[in-house]
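Chemist: Can you read through this structure? Questions will come right after.
The values are calculated or read from the model by the stated rules, or taken from the named source; none is laboratory data. The shown structure was predicted, so the numbers you read here are calculated from the model rather than taken from an experiment. For neighbour counting, all protein chains shown are included, and Cβ atoms are generated from backbone atoms with ideal geometry for every residue, glycine included. All accessible areas refer to the heavy atoms of the entire protein, side chains included, with ligands and DNA or RNA removed. Shrake-Rupley method; radii C 1.70, N 1.55, O 1.52, S 1.80 Å.
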Amino acid sequence: MWQVIYIAPTQERADKLKKLLADNGFLCQLKAVGTRRNGKAAAIEISVPVSEAEDAYEVLAEHGFRA
């Protein structure tokens, strides 16, 4: 089971956070949510396994990302 730990406003931000999490040993998934008029995602959910969610969130917080 997966838990959303962050919602990124852009694909670029989501990719950066995914790399940060992967570099720290976390599995993660990205999922586009909502759409803008140009067809791009309005936001990207970043999810990790539930068992890793707290630790992954701490890594994001250490790097200045807050929910």
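Chemist: Just need a number here: residues in the range 2-39 that are of a type in the set (S, T, N, Q) and surrounded by fewer than 14 Cβ atoms within 10 Å (Cβ to Cβ).
Modeler: 4
Chemist: Within the set of pairs 6+ apart or on separate chains, which have a first residue in the range 14-33 that is touching a residue at least 12 places away in the same chain (Cβ under 8 Å), a second that is open to solvent by 80 Å² or more (accessible area, probe 1.4 Å) and part of a loop (DSSP other than H, G, I, E, B), and C-beta atoms under 9 Å apart?
Modeler: Leu17/His63; Leu20/His63; Leu21/Leu27; Ala32/Lys40
Chemist: Also, quick follow-up: What residue, among those in the range 1-52 that are within 19 Å of Gly64 (Cβ to Cβ) and among the polar types (S, T, N, Q), is nearest to the chain's Cα centre (by Cα)?
Modeler: The selected residue is Thr10.
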